[in-house]
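Engineer: Input: one structure, supplied below.
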Amino acid sequence: MIKVSMDAQLVSELTQRTPRKHAFHLEADYSELAVKRFLTLVTAGHTVIMSSPERFADPSYLELITQEAQTDFILWPLKNSLTQLELCAQKRHPLINDEGMFIVRTSGTSGKPFKLVLHKLTNFIEKFKTSSPSSKHSLLFFPLDSIAGIETVLECYVKGGQLSSLKGKPTTDEVWQHLAKGEIDSLHVTPSFLSQMMLAGIFQNPTPKQLKRIMFGSEPPQAKVLGHVRSAWPQVELVQGYGMSEIGVLQTLTSREHPELFNLAESNPGRIQEGRLEVRSPCALVGYLNHEQALTSDGWFKTDDIVQEVQGQWQVLGRGGDLLNVGGHKFFPAELEEQFMAMPAVLDVTIRGEPHDMIGTAIVAQFILVHDVTESEFRSKLKEFMEVHIPAQRRPHRILVRSSHEITARLKKNRRS
(Lines give C-alpha, C1' and ligand atoms only; values in the text may rest on other atoms or scores of the structure.)
Protein backbone atom coordinates (compact mmCIF):
# COMPACT_ATOMS: atom_id res chain seq x y z
CA MET A 1 0.00 0.00 0.00
CA ILE A 2 1.32 3.46 -0.93
CA LYS A 3 0.73 6.46 1.31
CA VAL A 4 -0.09 9.16 -1.25
CA SER A 5 1.21 12.27 0.50
CA MET A 6 4.04 14.73 0.62
CA ASP A 7 7.21 13.94 2.57
CA ALA A 8 7.31 16.31 5.55
CA GLN A 9 11.04 15.81 6.09
CA LEU A 10 11.75 16.57 2.44
CA VAL A 11 9.64 19.74 2.64
CA SER A 12 11.76 20.88 5.58
CA GLU A 13 15.03 20.02 3.82
CA LEU A 14 13.99 21.91 0.68
CA THR A 15 13.07 24.98 2.72
CA GLN A 16 16.41 24.94 4.52
CA ARG A 17 18.61 24.20 1.54
CA THR A 18 17.34 26.45 -1.24
CA PRO A 19 14.98 29.38 -1.81
CA ARG A 20 15.16 28.76 -5.55
CA LYS A 21 12.86 26.57 -7.61
CA HIS A 22 14.65 23.87 -9.59
CA ALA A 23 14.00 21.39 -12.36
CA PHE A 24 14.45 17.78 -11.21
CA HIS A 25 14.83 14.59 -13.25
CA LEU A 26 13.70 11.75 -10.96
CA GLU A 27 14.37 8.06 -11.21
CA ALA A 28 10.87 6.61 -10.73
CA ASP A 29 9.61 3.12 -10.10
CA TYR A 30 6.25 2.09 -8.60
CA SER A 31 7.41 2.80 -5.05
CA GLU A 32 6.06 5.05 -2.31
CA LEU A 33 9.38 6.90 -2.31
CA ALA A 34 8.99 7.88 -5.98
CA VAL A 35 5.41 9.02 -5.39
CA LYS A 36 6.32 11.13 -2.33
CA ARG A 37 9.25 12.82 -4.09
CA PHE A 38 7.10 13.74 -7.08
CA LEU A 39 4.26 15.16 -4.96
CA THR A 40 6.59 17.05 -2.63
CA LEU A 41 8.58 18.72 -5.38
CA VAL A 42 5.70 19.80 -7.63
CA THR A 43 3.55 21.08 -4.78
CA ALA A 44 6.55 23.11 -3.57
CA GLY A 45 6.76 24.85 -6.96
CA HIS A 46 9.54 22.84 -8.58
CA THR A 47 9.42 21.24 -12.04
CA VAL A 48 9.70 17.46 -12.36
CA ILE A 49 10.26 14.92 -15.12
CA MET A 50 10.37 11.21 -14.24
CA SER A 51 12.01 8.29 -15.98
CA SER A 52 12.00 4.55 -15.34
CA PRO A 53 15.08 3.00 -13.70
CA GLU A 54 16.08 1.49 -17.06
CA ARG A 55 16.07 4.85 -18.83
CA PHE A 56 17.57 6.69 -15.87
CA ALA A 57 20.56 4.36 -16.00
CA ASP A 58 21.31 5.44 -19.59
CA PRO A 59 23.57 8.57 -19.63
CA SER A 60 22.88 9.21 -23.31
CA TYR A 61 19.13 9.27 -22.65
CA LEU A 62 19.52 11.70 -19.76
CA GLU A 63 21.62 13.97 -21.94
CA LEU A 64 19.06 13.76 -24.74
CA ILE A 65 16.28 14.85 -22.36
CA THR A 66 18.41 17.81 -21.25
CA GLN A 67 19.02 18.88 -24.84
CA GLU A 68 15.42 18.44 -25.97
CA ALA A 69 14.00 20.24 -22.93
CA GLN A 70 16.53 23.08 -23.21
CA THR A 71 16.78 22.74 -19.44
CA ASP A 72 19.48 21.68 -16.97
CA PHE A 73 17.99 19.09 -14.61
CA ILE A 74 19.15 18.01 -11.18
CA LEU A 75 19.40 14.24 -11.49
CA TRP A 76 17.94 12.43 -8.49
CA PRO A 77 18.51 8.65 -8.28
CA LEU A 78 16.22 6.67 -5.96
CA LYS A 79 19.16 5.63 -3.77
CA ASN A 80 20.24 9.21 -3.02
CA SER A 81 18.84 11.68 -0.50
CA LEU A 82 18.39 15.39 -1.12
CA THR A 83 21.49 16.18 0.93
CA GLN A 84 23.59 14.25 -1.61
CA LEU A 85 22.44 16.48 -4.50
CA GLU A 86 24.07 19.69 -5.65
CA LEU A 87 21.38 22.38 -5.92
CA CYS A 88 22.70 25.03 -8.28
CA ALA A 89 21.45 27.63 -10.73
CA GLN A 90 20.09 26.12 -13.95
CA LYS A 91 19.25 26.99 -17.51
CA ARG A 92 15.50 26.57 -18.00
CA HIS A 93 13.11 26.56 -20.95
CA PRO A 94 11.19 29.87 -21.20
CA LEU A 95 7.85 28.10 -20.56
CA ILE A 96 8.98 26.76 -17.17
CA ASN A 97 8.12 28.97 -14.18
CA ASP A 98 7.98 28.58 -10.41
CA GLU A 99 4.36 27.51 -9.92
CA GLY A 100 4.77 23.73 -9.83
CA MET A 101 4.99 21.92 -13.17
CA PHE A 102 5.69 18.47 -14.53
CA ILE A 103 6.92 17.15 -17.87
CA VAL A 104 5.66 14.04 -19.64
CA ARG A 105 7.47 12.35 -22.52
CA THR A 106 5.29 11.09 -25.35
CA SER A 107 6.07 8.03 -27.44
CA GLY A 108 7.95 8.50 -30.70
CA THR A 109 6.61 10.81 -33.38
CA SER A 110 7.64 11.61 -36.94
CA GLY A 111 10.61 13.93 -37.11
CA LYS A 112 11.51 13.64 -33.41
CA PRO A 113 12.10 10.72 -31.06
CA PHE A 114 9.43 12.10 -28.69
CA LYS A 115 7.73 15.28 -27.55
CA LEU A 116 8.20 16.76 -24.10
CA VAL A 117 4.87 17.99 -22.77
CA LEU A 118 4.79 20.64 -20.02
CA HIS A 119 1.84 20.67 -17.59
CA LYS A 120 0.79 22.91 -14.71
CA LEU A 121 -0.02 21.04 -11.48
CA THR A 122 -2.87 23.34 -10.42
CA ASN A 123 -4.90 22.43 -13.51
CA PHE A 124 -5.03 18.80 -12.38
CA ILE A 125 -5.66 19.69 -8.73
CA GLU A 126 -8.70 21.77 -9.73
CA LYS A 127 -9.93 19.04 -12.05
CA PHE A 128 -10.02 16.44 -9.29
CA LYS A 129 -11.45 18.89 -6.74
CA THR A 130 -14.49 19.49 -8.94
CA SER A 131 -14.95 15.99 -10.35
CA SER A 132 -17.42 13.60 -8.77
CA PRO A 133 -16.06 10.84 -6.48
CA SER A 134 -14.81 7.99 -8.62
CA SER A 135 -12.76 5.57 -6.55
CA LYS A 136 -11.64 4.94 -2.99
CA HIS A 137 -8.88 2.43 -3.73
CA SER A 138 -6.97 2.26 -7.03
CA LEU A 139 -4.07 0.28 -8.44
CA LEU A 140 -1.04 2.15 -9.76
CA PHE A 141 -0.95 0.22 -13.03
CA PHE A 142 0.67 2.79 -15.30
CA PRO A 143 4.30 3.88 -14.78
CA LEU A 144 4.97 7.26 -13.20
CA ASP A 145 6.58 8.61 -16.36
CA SER A 146 3.17 8.49 -18.10
CA ILE A 147 0.21 10.87 -17.85
CA ALA A 148 -2.06 8.01 -16.76
CA GLY A 149 0.26 7.09 -13.89
CA ILE A 150 0.55 10.70 -12.76
CA GLU A 151 -3.24 11.16 -12.90
CA THR A 152 -3.76 8.05 -10.78
CA VAL A 153 -1.47 9.49 -8.10
CA LEU A 154 -2.95 12.99 -8.22
CA GLU A 155 -6.55 11.76 -8.00
CA CYS A 156 -5.72 9.74 -4.89
CA TYR A 157 -3.81 12.70 -3.42
CA VAL A 158 -6.65 15.21 -3.96
CA LYS A 159 -9.51 12.91 -2.98
CA GLY A 160 -7.77 11.11 -0.14
CA GLY A 161 -8.03 7.70 -1.79
CA GLN A 162 -5.85 4.68 -1.23
CA LEU A 163 -3.34 3.37 -3.73
CA SER A 164 -1.75 -0.04 -4.17
CA SER A 165 1.30 -0.51 -6.37
CA LEU A 166 2.99 -3.20 -8.40
CA LYS A 167 6.56 -4.44 -8.08
CA GLY A 168 7.40 -3.51 -11.67
CA LYS A 169 5.97 -3.85 -15.17
CA PRO A 170 2.45 -5.27 -14.70
CA THR A 171 1.79 -8.98 -15.06
CA THR A 172 -1.65 -10.56 -15.18
CA ASP A 173 -0.88 -12.73 -12.13
CA GLU A 174 0.19 -9.78 -9.97
CA VAL A 175 -2.78 -7.64 -11.02
CA TRP A 176 -5.14 -10.51 -10.18
CA GLN A 177 -3.47 -10.96 -6.78
CA HIS A 178 -4.28 -7.33 -5.97
CA LEU A 179 -7.86 -7.64 -7.24
CA ALA A 180 -8.44 -10.89 -5.35
CA LYS A 181 -7.73 -9.17 -2.02
CA GLY A 182 -11.11 -7.49 -2.45
CA GLU A 183 -9.92 -3.93 -1.74
CA ILE A 184 -9.53 -2.28 -5.15
CA ASP A 185 -12.67 -0.65 -6.55
CA SER A 186 -11.15 0.97 -9.67
CA LEU A 187 -8.74 -0.52 -12.21
CA HIS A 188 -7.28 1.55 -15.07
CA VAL A 189 -5.52 -0.52 -17.79
CA THR A 190 -4.89 -0.60 -21.53
CA PRO A 191 -7.05 -2.63 -23.93
CA SER A 192 -3.98 -4.76 -24.69
CA PHE A 193 -3.67 -5.69 -21.03
CA LEU A 194 -7.39 -6.53 -20.87
CA SER A 195 -6.71 -8.91 -23.74
CA GLN A 196 -3.78 -10.43 -21.82
CA MET A 197 -6.01 -10.88 -18.78
CA MET A 198 -8.55 -12.67 -20.96
CA LEU A 199 -5.88 -14.96 -22.43
CA ALA A 200 -4.61 -15.75 -18.93
CA GLY A 201 -8.09 -16.78 -17.82
CA ILE A 202 -8.41 -14.01 -15.21
CA PHE A 203 -12.06 -13.39 -16.06
CA GLN A 204 -12.90 -17.00 -15.30
CA ASN A 205 -12.45 -16.08 -11.62
CA PRO A 206 -15.36 -14.67 -9.57
CA THR A 207 -15.75 -10.90 -9.76
CA PRO A 208 -13.46 -9.25 -7.18
CA LYS A 209 -15.45 -8.20 -4.13
CA GLN A 210 -15.05 -4.39 -4.28
CA LEU A 211 -14.33 -3.85 -7.98
CA LYS A 212 -16.82 -1.36 -9.41
CA ARG A 213 -15.09 -0.01 -12.52
CA ILE A 214 -12.54 -0.93 -15.17
CA MET A 215 -11.29 2.03 -17.17
CA PHE A 216 -9.41 1.34 -20.40
CA GLY A 217 -7.70 3.67 -22.83
CA SER A 218 -4.64 4.82 -24.83
CA GLU A 219 -5.37 2.65 -27.90
CA PRO A 220 -8.46 1.43 -29.82
CA PRO A 221 -10.18 -1.40 -27.90
CA GLN A 222 -11.49 -4.62 -29.41
CA ALA A 223 -15.24 -5.12 -29.06
CA LYS A 224 -14.86 -8.90 -28.68
CA VAL A 225 -12.55 -8.54 -25.67
CA LEU A 226 -14.82 -5.96 -24.05
CA GLY A 227 -17.78 -8.25 -24.64
CA HIS A 228 -15.94 -11.08 -22.91
CA VAL A 229 -15.27 -8.88 -19.86
CA ARG A 230 -18.90 -7.72 -19.71
CA SER A 231 -20.17 -11.29 -19.83
CA ALA A 232 -17.72 -12.55 -17.21
CA TRP A 233 -18.02 -9.67 -14.71
CA PRO A 234 -21.40 -8.04 -15.54
CA GLN A 235 -21.57 -5.93 -12.37
CA VAL A 236 -18.32 -4.09 -13.25
CA GLU A 237 -18.75 -0.88 -15.24
CA LEU A 238 -16.53 -0.54 -18.33
CA VAL A 239 -15.43 3.04 -18.95
CA GLN A 240 -13.43 4.23 -21.94
CA GLY A 241 -10.94 6.77 -20.62
CA TYR A 242 -9.94 8.84 -23.62
CA GLY A 243 -6.65 10.62 -23.01
CA MET A 244 -3.24 11.68 -24.26
CA SER A 245 -0.06 13.06 -22.75
CA GLU A 246 -1.07 16.53 -23.91
CA ILE A 247 -4.60 16.67 -22.46
CA GLY A 248 -4.73 14.24 -19.56
CA VAL A 249 -7.48 11.64 -19.21
CA LEU A 250 -10.83 13.10 -20.26
CA GLN A 251 -14.23 12.34 -18.78
CA THR A 252 -16.33 10.26 -21.16
CA LEU A 253 -19.86 8.97 -21.47
CA THR A 254 -19.30 5.33 -22.42
CA SER A 255 -21.92 3.13 -24.05
CA ARG A 256 -22.97 0.40 -21.63
CA GLU A 257 -23.89 -2.08 -24.38
CA HIS A 258 -21.01 -1.21 -26.70
CA PRO A 259 -18.19 0.25 -24.55
CA GLU A 260 -15.96 0.68 -27.59
CA LEU A 261 -18.23 3.69 -28.31
CA PHE A 262 -18.25 6.92 -26.29
CA ASN A 263 -18.97 10.63 -26.19
CA LEU A 264 -17.03 13.29 -24.31
CA ALA A 265 -18.54 15.03 -21.28
CA GLU A 266 -19.41 18.74 -21.28
CA SER A 267 -16.40 19.47 -19.06
CA ASN A 268 -14.06 18.48 -21.91
CA PRO A 269 -15.97 18.83 -25.20
CA GLY A 270 -14.87 17.42 -28.55
CA ARG A 271 -15.54 18.09 -32.21
CA ILE A 272 -14.77 16.31 -35.46
CA GLN A 273 -12.85 18.32 -38.05
CA GLU A 274 -12.18 16.58 -41.37
CA GLY A 275 -12.56 13.20 -39.68
CA ARG A 276 -10.12 14.00 -36.86
CA LEU A 277 -11.00 14.59 -33.23
CA GLU A 278 -10.26 17.93 -31.58
CA VAL A 279 -10.84 18.47 -27.86
CA ARG A 280 -10.84 21.08 -25.14
CA SER A 281 -9.38 20.02 -21.83
CA PRO A 282 -9.10 21.73 -18.43
CA CYS A 283 -5.71 20.01 -18.23
CA ALA A 284 -4.38 20.96 -21.65
CA LEU A 285 -0.63 21.29 -21.91
CA VAL A 286 1.15 24.58 -21.26
CA GLY A 287 3.21 23.73 -24.32
CA TYR A 288 5.86 21.50 -25.85
CA LEU A 289 9.48 22.04 -24.84
CA ASN A 290 10.90 20.63 -28.08
CA HIS A 291 8.20 21.13 -30.68
CA GLU A 292 5.94 23.81 -32.14
CA GLN A 293 3.01 24.66 -29.93
CA ALA A 294 -0.11 22.55 -30.10
CA LEU A 295 -3.35 24.42 -29.40
CA THR A 296 -5.45 26.26 -31.98
CA SER A 297 -6.02 29.99 -31.49
CA ASP A 298 -9.37 29.22 -29.82
CA GLY A 299 -7.98 26.56 -27.46
CA TRP A 300 -8.68 23.25 -29.22
CA PHE A 301 -6.10 20.46 -29.27
CA LYS A 302 -5.77 18.48 -32.51
CA THR A 303 -5.44 14.86 -31.43
CA ASP A 304 -4.84 13.39 -34.91
CA ASP A 305 -7.19 10.53 -33.93
CA ILE A 306 -9.43 9.42 -36.77
CA VAL A 307 -12.95 9.00 -35.43
CA GLN A 308 -16.10 7.60 -36.98
CA GLU A 309 -19.62 8.25 -35.72
CA VAL A 310 -21.71 5.19 -34.88
CA GLN A 311 -25.31 5.70 -33.70
CA GLY A 312 -24.54 9.17 -32.37
CA GLN A 313 -21.37 8.08 -30.57
CA TRP A 314 -17.71 7.99 -31.50
CA GLN A 315 -15.32 5.16 -32.21
CA VAL A 316 -11.59 5.82 -32.48
CA LEU A 317 -10.00 3.98 -35.41
CA GLY A 318 -6.42 5.10 -34.80
CA ARG A 319 -3.95 7.94 -35.25
CA GLY A 320 -3.36 9.39 -38.66
CA GLY A 321 0.17 7.97 -38.58
CA ASP A 322 -1.19 4.45 -37.96
CA LEU A 323 -2.92 4.33 -41.35
CA LEU A 324 -1.67 1.48 -43.56
CA ASN A 325 -1.32 2.07 -47.29
CA VAL A 326 -1.26 -1.09 -49.39
CA GLY A 327 -1.10 -0.33 -53.07
CA GLY A 328 -3.13 2.85 -52.55
CA HIS A 329 -5.76 1.15 -50.36
CA LYS A 330 -5.73 2.77 -46.90
CA PHE A 331 -7.06 1.36 -43.65
CA PHE A 332 -6.29 1.13 -39.93
CA PRO A 333 -4.83 -1.95 -38.21
CA ALA A 334 -7.70 -1.86 -35.69
CA GLU A 335 -10.27 -2.13 -38.50
CA LEU A 336 -8.72 -5.33 -39.86
CA GLU A 337 -8.23 -6.71 -36.36
CA GLU A 338 -11.95 -6.32 -35.65
CA GLN A 339 -12.76 -8.25 -38.82
CA PHE A 340 -10.50 -11.16 -37.86
CA MET A 341 -11.82 -11.18 -34.29
CA ALA A 342 -15.17 -12.31 -35.74
CA MET A 343 -13.62 -15.74 -36.28
CA PRO A 344 -14.51 -18.12 -33.39
CA ALA A 345 -10.99 -19.60 -33.46
CA VAL A 346 -9.32 -16.22 -32.83
CA LEU A 347 -8.71 -15.04 -29.27
CA ASP A 348 -6.60 -12.06 -30.28
CA VAL A 349 -4.83 -10.63 -33.31
CA THR A 350 -2.30 -7.86 -33.97
CA ILE A 351 -1.90 -6.27 -37.39
CA ARG A 352 1.18 -4.33 -38.39
CA GLY A 353 2.76 -3.08 -41.57
CA GLU A 354 6.26 -3.68 -42.92
CA PRO A 355 7.93 -1.69 -45.73
CA HIS A 356 7.66 -3.37 -49.13
CA ASP A 357 9.36 -2.20 -52.34
CA MET A 358 6.50 -3.17 -54.66
CA ILE A 359 3.30 -2.32 -52.77
CA GLY A 360 4.58 0.13 -50.18
CA THR A 361 3.45 -1.86 -47.16
CA ALA A 362 3.17 -5.58 -46.49
CA ILE A 363 0.62 -6.68 -43.89
CA VAL A 364 1.73 -8.96 -41.06
CA ALA A 365 -0.97 -10.63 -38.94
CA GLN A 366 -0.12 -12.28 -35.63
CA PHE A 367 -2.87 -14.51 -34.21
CA ILE A 368 -3.55 -16.10 -30.84
CA LEU A 369 -5.94 -19.06 -31.09
CA VAL A 370 -8.37 -20.84 -28.81
CA HIS A 371 -6.78 -23.90 -27.24
CA ASP A 372 -8.65 -26.61 -29.17
CA VAL A 373 -7.72 -25.36 -32.67
CA THR A 374 -4.46 -26.42 -34.31
CA GLU A 375 -2.45 -24.06 -36.46
CA SER A 376 -3.04 -26.12 -39.61
CA GLU A 377 -6.79 -26.17 -38.99
CA PHE A 378 -6.80 -22.44 -38.43
CA ARG A 379 -4.85 -21.61 -41.56
CA SER A 380 -7.39 -23.55 -43.60
CA LYS A 381 -10.31 -21.75 -41.94
CA LEU A 382 -8.54 -18.40 -42.30
CA LYS A 383 -8.17 -18.85 -46.05
CA GLU A 384 -11.88 -19.56 -46.39
CA PHE A 385 -12.78 -16.62 -44.15
CA MET A 386 -10.66 -14.14 -46.11
CA GLU A 387 -12.09 -15.20 -49.45
CA VAL A 388 -15.57 -14.24 -48.20
CA HIS A 389 -14.97 -11.36 -45.76
CA ILE A 390 -11.60 -9.67 -46.40
CA PRO A 391 -10.91 -7.54 -49.52
CA ALA A 392 -7.84 -8.60 -51.45
CA GLN A 393 -5.96 -5.40 -50.56
CA ARG A 394 -6.33 -6.14 -46.84
CA ARG A 395 -5.28 -9.77 -46.82
CA PRO A 396 -2.09 -10.39 -44.82
CA HIS A 397 1.09 -11.18 -46.70
CA ARG A 398 2.55 -12.95 -43.67
CA ILE A 399 0.61 -14.90 -41.03
CA LEU A 400 2.07 -15.77 -37.63
CA VAL A 401 0.53 -17.86 -34.85
CA ARG A 402 1.79 -17.11 -31.34
CA SER A 403 0.88 -17.96 -27.77
CA SER A 404 1.05 -14.31 -26.62
CA HIS A 405 1.55 -10.78 -27.87
CA GLU A 406 4.35 -8.42 -26.95
CA ILE A 407 3.29 -5.14 -25.37
CA THR A 408 5.36 -1.97 -25.22
CA ALA A 409 6.70 -0.10 -22.19
CA ARG A 410 3.50 1.97 -22.40
CA LEU A 411 1.51 -1.30 -22.14
CA LYS A 412 0.03 -1.17 -25.64
CA LYS A 413 0.28 -3.63 -28.53
CA ASN A 414 3.67 -3.61 -30.18
CA ARG A 415 2.97 -3.00 -33.87
CA ARG A 416 6.56 -2.18 -34.77
CA SER A 417 8.30 -5.55 -34.58
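The values are calculated or read from the model by the stated rules, or taken from the named source; none is laboratory data. Quick caveat, the model's predicted, so the values are computed rather than measured. Counting neighbours? That spans all protein chains shown, and the Cβs are built from the backbone with ideal geometry, glycine included. Just the protein is used for accessible areas: all its heavy atoms, side chains included, with ligands, DNA and RNA removed. Shrake-Rupley method; radii C 1.70, N 1.55, O 1.52, S 1.80 Å.
Engineer: Do any helices (runs of 4 or more DSSP H) entirely within the range 165-271 hold 1 or more residues that are farther than 25 Å from Val346 by Cα, and if so, which?
Structural biologist: 172-180
Residues checked against (1) closer than 17 Å to Val42 by Cα; (2) at pLDDT 95 or above; (3) outside any loop (DSSP other than H, G, I, E, B):
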{"position": "Ile65", "(1), (2), (3)": "no, yes, yes"}
{"position": "Leu75", "(1), (2), (3)": "yes, yes, yes"}
{"position": "Thr83", "(1), (2), (3)": "no, no, yes"}
{"position": "Ser107", "(1), (2), (3)": "no, no, no"}
{"position": "Phe114", "(1), (2), (3)": "no, no, no"}
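Engineer: Further, regarding this structure: I'm trying to understand the selection: among the residues of the range 153-164, which are assigned to a loop (DSSP other than H, G, I, E, B) and open to solvent by less than 30 Å² (accessible area, probe 1.4 Å)?
Structural biologist: The one that is assigned to a loop (DSSP other than H, G, I, E, B) and open to solvent by less than 30 Å² (accessible area, probe 1.4 Å): Gly161.
Engineer: Scan the range 91-99 and give yes if some residue there is assigned to a loop (DSSP other than H, G, I, E, B), at pLDDT below 90 and touching a strand residue (DSSP E or B) at 6+ places or on another chain (Cβ under 7 Å), otherwise no.
Structural biologist: Our first condition is that a residue be assigned to a loop (DSSP other than H, G, I, E, B); within the range 91-99, this holds for 91-99.
Filter again for at pLDDT below 90, leaving none.
Scanning the range 91-99 turns up no residue that is assigned to a loop (DSSP other than H, G, I, E, B), at pLDDT below 90 and touching a strand residue (DSSP E or B) at 6+ places or on another chain (Cβ under 7 Å).
Engineer: Scan the range 168-195 residue by residue and report those that are open to solvent by 40 Å² or more (accessible area, probe 1.4 Å) and at pLDDT below 90.
Structural biologist: The answer is Lys169, and nothing else.
Engineer: Then there's this: Determine which single condition Asp72 fails, assuming it passes every other condition in (1) within 20 Å of Gly287 (Cβ to Cβ); (2) open to solvent by less than 60 Å² (accessible area, probe 1.4 Å).
Structural biologist: (2)
Engineer: Please indicate, with yes or no, whether at least one residue in the range 330-347 is aromatic (Phe, Trp, Tyr), outside any strand (DSSP E or B) and either free of Cβ contacts under 8 Å to residues at least 12 places away in the same chain or within 30 Å of Phe102 (Cβ to Cβ) (or both).
Structural biologist: Within the range 330-347 (the criterion being aromatic (Phe, Trp, Tyr), outside any strand (DSSP E or B) and either free of Cβ contacts under 8 Å to residues at least 12 places away in the same chain or within 30 Å of Phe102 (Cβ to Cβ) (or both)), the answer is no, since none of the residues qualifies.
Engineer: I've got another one for you. Please find, within the range 348-383, the residue that is farthest from Met198 (Cα to Cα) out of those that are hydrophobic (A, V, I, L, M, F, W, C) and in contact with a His (Cβ under 6 Å, 6 or more places away or on another chain).
Structural biologist: Ala362
Engineer: Pairs, please: C-beta under 6 Å, at least 6 apart or cross-chain, first residue over 30 Å from Leu121 (Cβ atoms) and in the range 222-250, second open to solvent by less than 10 Å² (accessible area, probe 1.4 Å) and among the hydroxyl-bearing types (Ser, Thr, Tyr)?
Structural biologist: Val225/Ser195
Engineer: Quick test for you: out of Val104, Val175, Val189, Val158, pick the one residue that is within 24 Å of Arg280 (Cβ to Cβ) and out of contact with any His (no Cβ under 9 Å at 6 or more places or on another chain).
Structural biologist: Being within 24 Å of Arg280 (Cβ to Cβ) and out of contact with any His (no Cβ under 9 Å at 6 or more places or on another chain) holds for just one of Val104, Val175, Val189, Val158, which is Val158.
Engineer: While we're here: Please specify each residue of the range 139-152 satisfying the condition of being outside any helix (DSSP H, G or I) and among the hydroxyl-bearing types (Ser, Thr, Tyr).
Structural biologist: Ser146
Engineer: If we keep just the residues of the range 315-345 that are farther than 24 Å from Met244 by Cβ and aliphatic (A, V, I, L, M), which is most open to solvent (accessible area, probe 1.4 Å)?
Structural biologist: The qualifying residue most open to solvent (accessible area, probe 1.4 Å) is Ala342.
Engineer: Looking at the range 121-136 only, could you name the residues that are of a type outside the set (A, V, I, L, M, F, W, C) and crowded, with 20+ Cβ neighbours inside 10 Å?
Structural biologist: If the condition is that a residue be of a type outside the set (A, V, I, L, M, F, W, C) and crowded, with 20+ Cβ neighbours inside 10 Å, then Lys127, Ser135 are the ones that fit.
Engineer: Ala294 - would you say it is open to solvent by less than 60 Å² (accessible area, probe 1.4 Å), modelled with pLDDT under 85 and closer than 18 Å to His119 by Cβ?
Structural biologist: yes
Engineer: State all residues of the range 197-209 that are surrounded by 15 or more Cβ atoms within 10 Å (Cβ to Cβ) and farther than 20 Å from Gly241 by Cα; if no residue qualifies, say none.
Structural biologist: Across the range 197-209, the qualifying residues are Leu199, Ala200, Ile202, Phe203, Pro208.
Engineer: Check Ser380, Ser376 and return the single one that is in a helix (DSSP H, G or I), over 25 Å from Leu261 (Cα atoms), open to solvent by less than 80 Å² (accessible area, probe 1.4 Å) and of a type in the set (Gly, Ala, Ser).
Structural biologist: Unique residue meeting the criteria: Ser380.
Engineer: Now a separate question. Go through the range 285-323 and report how many residues are hydroxyl-bearing (Ser, Thr, Tyr), touching a residue at least 12 places away in the same chain (Cβ under 8 Å) and assigned to a loop (DSSP other than H, G, I, E, B).
Structural biologist: Result for the range 285-323: 1.
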